[in-house]
Structure formats: structure tokens, C-alpha cells
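All remarks here apply to the structure that follows.
Readers should treat all values here as calculations from the given coordinates under stated rules, not as data from a laboratory. Predicted, not measured: the structure shown is a model, and the values here were computed from it. We place every Cβ from the backbone using ideal geometry, glycine too, and count neighbours over all the protein chains shown.
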Amino acid sequence: MKLKQLSLIVLSALLFTGCSSLDINEQRPTDIKTISKTDQIWQQHLSQLKQIQRYQAQGQLGYISAKERFSSRFEWQYVNPKNYTLKLYSTISASSLTLQMHNAGMTISDNKGNQRSEQDAKSLVKDIVGMDVPLAQLATWLKGQPDEKAEYQVGENHYLSSFSYPVDGIIWTADYLVYHQDRTPALPKDILLKNATQTLKIRVDHWAL
């Protein structure tokens, strides 16, 4: 199937009336109090996060840019950098889209049997879905684990509060607004990812380690 046709299928499946169903503020918080990165409780928490290699997460995401605006349910299954799956699906129909990373690159397919594979995963996602997001980094960002060489802040709750990180010359910021604190280790619930032109709002409803 031609790229344009598959793109239309994707939009019909995922393009809703904005992101109103996901009530995460699009503006970064400005009143967060932080503590030292050397805090012992934070260091223990960070060590626990590093031990999480395989995991699954389910929830909602909202994407906003000048060209695209949609919200979707998602399922994320991560094994390693060459083996992970992101499934996006509509809450109002049976439409779904699966992004599968494998050794040869990435394959994007829909529930109607259409698919396309490319070695360049990032380019494929941008062409088909319209999102230009760093999927390679999402595996650690989603669980609240920063790159320790990056600029990041630890909140008074002893969890990651925010970070700033360059990807392909573009500065991404992340704010961790709410955590699931009824589990060990505590894992993010509401995340706001932004750069100068894109906003990605993520709410993780369920974690499985």
C-alpha cells in the first residue's frame, strides 16, 4: 500500500478532536522544588530503575504539533533497543497501529493488514504517523530514568522531576508531574515531553515489570 494511503488510515484511526481527553497541562510547571542529585533516597531509586530491563506500560498519549494533533490509547512492550513494540489504538473504533522494532529496523502495520518496513525507524514514524519523537530514548524516559550526563532535577519526592536532553540537535524537556507511588519502585504516571515545536503528553495507567 502506498505511503499516502496508509497515512490516511492512520489519521482516520487516531485523529480525534484535540487532546481534551487527556487532562495534562501543556505548559511546563514552574513551582517545583528540587533536591540534590546526591540524595541517598534518589540514588537508591535510580539504582532500582536501572535494574528494570524488560517492562510493559499501558495508558494514553496526546500529541500536538503544528501539523498533527491526536490522542490515542497505547501499549508499550520493551525488551531491548532492538526489540520493542508500541501499539496505538482508538477508543472509539477497532482501528489500531503497531510499531514493531526489530533487528532489521522497524515495521509499522495497521489492523487491516497494511504495513511498511524501513531500516530508519525514526524516519518511518515521522512519515507514517507524523510524530518526530525519540523512540530510542523513550525506553528510559518512560520509567523516569534520566541520562546521568544530562541536565536533570530531582524533586522533593526523591524522584526525577525534570530533564533537558538534546536529540539530533533538538532540545527535549521532560516534566514528571505525577508518580504511581503505590508500588516499588515508584514509576511515572503523568509525563510532559516537549521541544520547540512538539508536545507529547503521556499518562501511564498500568505498569508490568
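Under a 10 Å cutoff between Cα atoms, tell me which one of K126, K149, K82 has the largest fluctuation in the Gaussian network model of the chain.
K149
If we count other beta carbons within 10 Å of each Cβ, what is the order of H45, H102, H206, fewest first?
By the 10 Å Cβ count, ascending, the order reads H206, H102, H45.
Pulled fully out, how much extra length does the chain show between D39 and E68, if you take 0.36 nm times their separation in residues and subtract their Cα-Cα distance?
Contour length minus Cα-Cα distance gives 6.4 nm.
Pairs of alpha-carbon atoms within less than 8 angstrom and 6+ residues apart define the contacts here; what relative contact order does segment 3-208 have, in percent?
Reported relative contact order: 23 percent.
Going 7 Å from the Cα of E151 toward and past its Cβ, which residues in segment 181-209 have a backbone nitrogen under 20 Å from where you end up?
Residues 192-200 qualify, since their backbone N sits under 20 Å from the label point.
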